[in-house]
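The values are calculated or read from the model by the stated rules, or taken from the named source; none is laboratory data. The structure presented is a predicted model; accordingly, all values stated were derived computationally and were not measured. Cβ placement follows ideal geometry from the backbone for every residue including glycine, while neighbour counts extend to all protein chains displayed.
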Amino acid sequence: MSNFDHKVGVSEANLVIRTLKLTGMNKENSETIIAEINATFGVDAVSYNEDDKMLHLAYDATNINLDGIEDILTKHNAKVSDTWWNHIKEDYYKFVDQNVKDNANHKPWSCHKTPLGSRKNKYKSKGE
């Protein structure tokens, strides 16, 4: 896939997929929550499985993180389920999101790189 296969603000290299169990979702607020999350910059896809009460997300971790999604849920009286497994996943997701964001901003360096202009042309003959 290329970056043209995603929404604006989503890069393939920074795309993460998350699945969380929710509480407080009902017919009245589920459509509003899904629409608001879907309209958020950096979100590529969102869906909610009513039978399992699972929220499925795909987003660019450099533009949005799980805290932003949780703010939208809280605003509409829903939240991430309070189970130990969800807490473990949530903490792991937040760690990985921060790592993706940090790595996207990192400028690589090397102590073995020769300074610009100091490189000798290895193809020159000795007589030149």
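Just a yes or no: is a residue in region 61-68 outside any helix (DSSP H, G or I), within 29 Å of residue 5 (Cα to Cα), of a type in the set (A, V, I, L, M) and touching a residue at least 40 places away in the same chain (Cβ under 8 Å)? Steps first, answer last, please.
Narrowing region 61-68 to residues outside any helix (DSSP H, G or I): 61-65.
Now restrict to residues that are within 29 Å of residue 5 (Cα to Cα): 61-65.
Imposing the further condition that a residue be of a type in the set (A, V, I, L, M) reduces the set to 61, 64.
Filter once more, so that each one left must be touching a residue at least 40 places away in the same chain (Cβ under 8 Å): 61.
Yes; the residues of region 61-68 include at least one that is outside any helix (DSSP H, G or I), within 29 Å of residue 5 (Cα to Cα), of a type in the set (A, V, I, L, M) and touching a residue at least 40 places away in the same chain (Cβ under 8 Å).
Which residue pairs have Cβ atoms under 6 Å apart, sit 6 or more places apart or on different chains, and have a first residue in region 83-99 that is more than 10 Å from residue 66 (Cα to Cα) and a second that is surrounded by 15 or more Cβ atoms within 10 Å (Cβ to Cβ)?
So the pair list comes out as 86/21; 86/80.
Residue by residue, here is whether (1) in contact with a helix residue (DSSP H, G or I) (Cβ under 8 Å, 6 or more places away or on another chain); (2) modelled with pLDDT of 90 or more; (3) loosely packed, with under 13 Cβ neighbours inside 10 Å holds:
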| residue | (1), (2), (3) |
| --- | --- |
| 71 | no, yes, yes |
| 74 | no, yes, yes |
| 80 | yes, yes, no |
| 85 | no, yes, yes |
| 88 | no, yes, yes |
| 93 | yes, yes, no |
| 100 | yes, no, no |
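Looking at region 18-37, which of its residues are of a type outside the set (A, V, I, L, M) and farther than 11 Å from residue 69 by Cβ? Step through it out loud before you land on a result.
Looking only at region 18-37, we keep the residues that are of a type outside the set (A, V, I, L, M), and these are 18-19, 21, 23-24, 26-32, 36.
Selection gives 19, 21, 23, 24, 26, 27, 28, 29, 30, 31, 32.
Hey, could you check region 46-60 for residues that are out of contact with any Leu (no Cβ under 9 Å at 6 or more places or on another chain) and in contact (Cβ under 8 Å) with a residue 24 or more places away in the chain and say which is nearest to residue 32 (Cα to Cα)? First the steps, then the outcome.
Let us first name the residues in region 46-60 that are out of contact with any Leu (no Cβ under 9 Å at 6 or more places or on another chain), namely 50-52.
Next cut, in contact (Cβ under 8 Å) with a residue 24 or more places away in the chain only: 50, 52.
Details: 50: 14, 52: 19 Å.
The selected residue is 50.
Suppose we keep only residues that are in a loop (DSSP other than H, G, I, E, B) and loosely packed, with under 15 Cβ neighbours inside 10 Å within region 8-31. Which one would you say is modelled with the lowest pLDDT?
Within region 8-31, the subset in a loop (DSSP other than H, G, I, E, B) is 8-11, 24-26.
Checking which are loosely packed, with under 15 Cβ neighbours inside 10 Å leaves us with 8, 26.
Details: 8: 64, 26: 88.
Per the stated criteria, the residue is 8.
If I filter region 34-43 for residues that are more than 16 Å from the chain's Cα centre (by Cα), in contact (Cβ under 8 Å) with a residue 24 or more places away in the chain and part of a helix (DSSP H, G or I), do I get at least one hit?
Filtering region 34-43 for residues more than 16 Å from the chain's Cα centre (by Cα) gives 34-36.
From what is left, the residues that are in contact (Cβ under 8 Å) with a residue 24 or more places away in the chain are 36.
Okay, now just the ones that are also part of a helix (DSSP H, G or I), so 36.
Yes: one or more hits.
Restricting attention to region 32-49, which residues are exposed (fewer than 14 other Cβ atoms within 10 Å of the Cβ) and either touching an Asp or Glu at 6+ places or on another chain (Cβ under 6 Å) or at pLDDT 90 or above (or both)? Even if it seems obvious, please write down each step before you answer.
First, the residues of region 32-49 that are exposed (fewer than 14 other Cβ atoms within 10 Å of the Cβ): 32, 35, 39, 41, 47, 49.
Residues satisfying the conditions are 32, 35, 47, 49.
Looking at region 58-68, is at least one residue surrounded by 17 or more Cβ atoms within 10 Å (Cβ to Cβ), within 29 Å of residue 102 (Cα to Cα) and among the aromatic types (Phe, Trp, Tyr)?
yes
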